[in-house]
Amino acid sequence: MAKKRAKRRRGAKRAKGMAAGSPTQGLVAQLTVYQDELRGQVAALQSEIDGISAALAALGARKPKAKKAGRRPGRPAKRKVKKMVRPGPRAAVARRGPRPEGARMADYIAKVLGAAGGAMSLKDITVGIVKAGYKTSSRNLGNQVSMTLNQMKKRKQVRKTGRGMYARGA
């Protein structure tokens, strides 16, 4: 029968101390010698750098400035907001404030609904006020017409006859 060996527990440490002449002891000695050589090279390079710095100072050269510390890593950069310049008639118009009397959207809506006689859809009203001469460069004119119709409905100028259908108020 074969002898049973005593097994070492997982995570248990080996016995301390290296045997004399072990391979690890030779490796430690080699690494120590190499470290000393590198330290000697660092000292030689530092003396060369000091000599070059002295020569540059004698010639009147300035020391390069260190980079400023910017934002920390992981922090997002600030976004720059660009102004949008829209081409076309909107860029040329610099009018502010309310439109003159008779040129308001509510006046055009009343005119279009009065000419139609009956109920009209939101889309038809939007097309009608543009054909009637309402000047705009809006990209969402339908939304503006809808909001104006709701205001006119509160003032009883327009009545809602169905879903999306409006007629002239009483």
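Quick one: is residue 90 at pLDDT below 75 and not β-branched (Val, Ile, Thr)?
Values: at pLDDT below 75: yes; not β-branched (Val, Ile, Thr): yes.
The answer is yes for residue 90.
Scanning segment 137-158 for residues that are more than 15 Å from residue 107 (Cα to Cα) and without any contact (Cβ under 8 Å) to a residue 12 or more places away in the chain yields 138, 139, 140, 143, 154. Count of segment 137-167 residues, restricted to those that are under 38 Å from the mean Cα position of the chain (by Cα) and charged (D, E, K, R), is 1. Counting residues in segment 59-78 that are assigned to a helix (DSSP H, G or I) and modelled with pLDDT of 75 or more gives one or more. Here is the figure for segment 93-135: residues that are at pLDDT below 85, of a type outside the set (D, E, K, R) and within 37 Å of the chain's Cα centre (by Cα) total 4.
The values are calculated or read from the model by the stated rules, or taken from the named source; none is laboratory data. Bear in mind the structure is a predicted one, so any value in this text is a computation, not a measurement. Heads up, the Cβs are rebuilt from the backbone with ideal geometry, glycines too, and the neighbour counts pull from every protein chain shown.
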